[in-house]
Amino acid sequence: MASGIKVTDEVLAIFNDMKVRKAQATKDEKKKRKKAVMFCLSKDKQNIVLEDGKEILQGDIGTTVQDPYKRFLEMLPMDDCRYALYDVTYDTRQGEIETRKEEMVFIFWAPESASLKSKMIYASTVDAFRQIFTGLKHEWQVNSLEDIKDLNTLAEKLGGSDVIALEGCPINY
């Protein structure tokens, strides 16, 4: 934690809740499960916290949110850095076998228009996430909307040409 900024227990609890998929979860429990969350610096700049109002629940998909990835992109601030967890659902094909997968992607959003100070603070705190987000396979640093808006780019991060669909949308290579 070179920056001295701490990742709160609440953030770790959110990560652990998103990581664990309970087979016996009720329909209501599944609806409350987080699809995407965004984290930011606290007002006193001492901690990383869940950003108010910046989450997508599984139960929102198809009701208030039609396209979860598009909604996630809309949550990104164009002039400041953020951290995010996105629980992506995707389909792969290896030979004749198709498989549906769910995996979390940790995203470090550092747009060109963010202040240098913000970029430095957020960059120096990324290691704190690496230490507490155990078992996370995918990490993605993104510096512009152009780098993240295309589902093909996310598909490349998840497995390249084996990925045939993301969030129910076919991938065309």
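Kindly check whether there is at least one residue in region 24-32 that is under 16 Å from the mean Cα position of the chain (by Cα) and touching a residue at least 24 places away in the same chain (Cβ under 8 Å). Scanning region 24-32 turns up no residue that is under 16 Å from the mean Cα position of the chain (by Cα) and touching a residue at least 24 places away in the same chain (Cβ under 8 Å).
Every condition in (1) assigned to a helix (DSSP H, G or I); (2) farther than 23 Å from residue 58 by Cβ is met by residue 112 except one, and the failing one is (1). Taken over region 116-153, residues that are under 14 Å from residue 48 (Cα atoms) and touching a Phe, Trp or Tyr at 6+ places or on another chain (Cβ under 9 Å) amount to 8.
Go through region 34-46 and report how many residues are without any contact (Cβ under 8 Å) to a residue 60 or more places away in the chain and crowded, with 17+ Cβ neighbours inside 10 Å. Adding up the residues that qualify gives 7.
Filtering region 47-85 to residues that are of a type outside the set (A, V, I, L, M, F, W, C), over 27 Å from residue 4 (Cβ atoms) and either surrounded by 12 or more Cβ atoms within 10 Å (Cβ to Cβ) or at pLDDT below 90 (or both) leaves 58, 59, 60, 62, 63, 64, 66, 67, 68, 69, 70, 71. Residue 156 meets each of the listed conditions (1) surrounded by 12 or more Cβ atoms within 10 Å (Cβ to Cβ); (2) closer than 20 Å to residue 52 by Cβ; (3) acidic (Asp, Glu); (4) free of Cβ contacts under 8 Å to residues at least 12 places away in the same chain apart from (2).
The values are calculated or read from the model by the stated rules, or taken from the named source; none is laboratory data. The model shown is predicted, which means the values in this text are computed figures rather than measured ones. A quick note on method: Cβ atoms are made from the backbone with ideal geometry, for glycine too, and the neighbour counts reach across all protein chains shown.
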